[in-house]
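I have placed the structure first, in the form of structure tokens, so that the comments after it can refer back to it.
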Amino acid sequence: MQIKAYPKEFFRVARLQRSLLSPEAAERLRWVIAWQSLRQQGYSAQAAAELLQLSRASLYRWQARLQRQGLKALEPRSRRPKRVRQPSWSFELAQTVLDLRRHYPRWGKDKLLILLRREGFETSASTVGRILASQKRRGLLIETPSSYVRKRKIRPRRPYARRKPPDYQPQLPGDLVQVDTMDLRPWPNKVLKHFSARDVASRWDVLEVHTRATAATAAQFLDSLQRRAPFPIRAIQVDGGSEFQADFERACQAKGIQLFVLPPHSPKLNGFVERAHRTHQEEFYQVYAAELQLEPLNQALQAWEHTYNTVRPHQSLDGMTPAEYIQAHYPQVIPKSSHMS
């Protein structure tokens, strides 16, 4: 096996002219000396360049500069073109553009072009843009800093609802029930509102459909939730929707149920009921083929609710139904009058 290595001159030259050359020039000098040494050992110019993994043209160019001008010729040169385009506009045009832009700081080149033509200047939008760019580079035009005036959304004062305390952890069914709504569109220009409630501890669901999502219908759903849940409801968590204010909030207060409201734009904090929406969408609505009138739909939905809570195995409950899970782990929360006792 043939082992190829850089010649020793490649490493010695690193100590030469260190104080006179920039790091890039010193590196070029090392490559040129190494290339010359390899050629003296019998390598062709191309083979030596390939061994050093450099372009042969670059090595020839550096060598020629070194021979003609000395070490300083290896310093990086300016890449600026020899012929640079000169400004083609007059001083009067540039000054008028500057005055207009200062007077109208948010107007671009197209609007300024129209104003310039009104004053008798014949130019183009691209020329106006180049004038503005030139004035910015020279510091003649300083842009006005942006000052965003945002209209703060006024949120109604919640007399009873509050943020869920960080140390509030549900321990029993009913300690925290998440409630949310979902749109149903059975036919064009018709929207129904599906209400879902899911208990965080047991995954027990209560479902209902209304024609509108108002505070009054949400209060009606709260009555259905209390009636159909096999455990007492101690706390409810909702988003900031208007349907969970006014009558709904007063109903929670009257019933002694804590009401927690989510921060804005944080549906992930209501993840249990958001997942419930998907389950009922896929397993009920996508296979439901009967009437979509409110009364028969609610009857079918209650039958599905019973199936979900007492028949359908739940993977997060180790294959048990919510009813089985409550009976196995929380029998003390079930009232004696409940149909589950």
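Take the residues in the range 157-202 that are without any contact (Cβ under 8 Å) to a residue 24 or more places away in the chain and assigned to a loop (DSSP other than H, G, I, E, B); name whichever of them is nearest to Ser242 (Cα to Cα). Write out each step before concluding.
Taking the range 157-202 as the starting set, the residues that turn out to be without any contact (Cβ under 8 Å) to a residue 24 or more places away in the chain are 157, 165-167, 169, 183, 185, 188-191.
Right, trim to assigned to a loop (DSSP other than H, G, I, E, B) and you get 157, 165-167, 169, 188-189.
Values: Arg157: 12, Pro165: 22, Pro166: 24, Asp167: 27, Gln169: 26, Pro188: 24, Asn189: 22 Å.
By that ranking, first place goes to Arg157.
Tell me whether the range 216-236 contains one or more residues that are under 12 Å from Ala161 (Cβ atoms) and of a type in the set (A, V, I, L, M, F, W, C).
yes
Exactly one condition in (1) more than 17 Å from Pro173 (Cβ to Cβ); (2) surrounded by fewer than 17 Cβ atoms within 10 Å (Cβ to Cβ); (3) in contact with a Pro (Cβ under 9 Å, 6 or more places away or on another chain) is false for Arg234; which is it?
For Arg234, the exception is condition (1).
Output the helices (runs of 4 or more DSSP H) that fall wholly within the range 1-97 and possess 1 or more residues being of a type in the set (Phe, Trp, Tyr) and at pLDDT below 85, or say none.
Once the helices (runs of 4 or more DSSP H) in the range 1-97 are filtered for at least 1 residues that are of a type in the set (Phe, Trp, Tyr) and at pLDDT below 85, what remains is 8-12.
Restricting to the range 207-231, what's the tally of residues that are hydrophobic (A, V, I, L, M, F, W, C) and within 14 Å of Ile257 (Cβ to Cβ)?
7
Between Leu292, Leu297, Leu259, which is surrounded by 17 or more Cβ atoms within 10 Å (Cβ to Cβ) and under 25 Å from Thr321 (Cβ atoms)?
None of the others qualify; the one that does is Leu297.
So, Ala215, is that one assigned by TED's automatic domain parsing to the domain that holds Leu301, surrounded by 15 or more Cβ atoms within 10 Å (Cβ to Cβ), modelled with pLDDT of 90 or more and hydrophobic (A, V, I, L, M, F, W, C) or not?
Details: assigned by TED's automatic domain parsing to the domain that holds Leu301: yes; surrounded by 15 or more Cβ atoms within 10 Å (Cβ to Cβ): yes; modelled with pLDDT of 90 or more: yes; hydrophobic (A, V, I, L, M, F, W, C): yes.
Here the answer is yes, as Ala215 does meet what is asked.
So which of Glu305, Glu249 is under 37 Å from the mean Cα position of the chain (by Cα) and under 24 Å from Lys190 (Cβ atoms)?
Of the residues listed, the single one that is under 37 Å from the mean Cα position of the chain (by Cα) and under 24 Å from Lys190 (Cβ atoms) is Glu305.
Condition check ((1) charged (D, E, K, R); (2) farther than 30 Å from Ala45 by Cβ) across all residues:
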residue	(1), (2)
Trp62	no, no
Val97	no, yes
Arg106	yes, yes
Lys109	yes, yes
Leu113	no, yes
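Closer than 29 Å to Pro331 by Cβ and in contact with a His (Cβ under 6 Å, 6 or more places away or on another chain) - does that describe any residue in the range 203-211?
Yes, the range 203-211 contains at least one residue that is closer than 29 Å to Pro331 by Cβ and in contact with a His (Cβ under 6 Å, 6 or more places away or on another chain).
Which numbered condition trips up Ala161, out of (1) outside the structural domain of Glu324 (by TED's automatic domain parsing); (2) crowded, with 19+ Cβ neighbours inside 10 Å; (3) under 28 Å from the mean Cα position of the chain (by Cα)?
Unmet condition: (3).
Find all pairs meeting these conditions: Cβ atoms under 8 angstrom apart; at least six residues apart or on different chains; first residue within the range 251-280 and of a type in the set (A, V, I, L, M, F, W, C); second residue part of a helix (DSSP H, G or I) and at pLDDT below 90.
Partner pairs satisfying both residue conditions: Leu262/Leu269; Leu262/Asn270.
Examine the range 89-109 for a residue that is farther than 21 Å from Lys136 by Cα and not assigned by TED's automatic domain parsing to the domain that holds Glu24, and state whether such a residue exists.
No, because not a single residue in the range 89-109 is farther than 21 Å from Lys136 by Cα and not assigned by TED's automatic domain parsing to the domain that holds Glu24.
The values are calculated or read from the model by the stated rules, or taken from the named source; none is laboratory data. Predicted, not measured: the structure shown is a model, and the values here were computed from it. We place every Cβ from the backbone using ideal geometry, glycine too, and count neighbours over all the protein chains shown.
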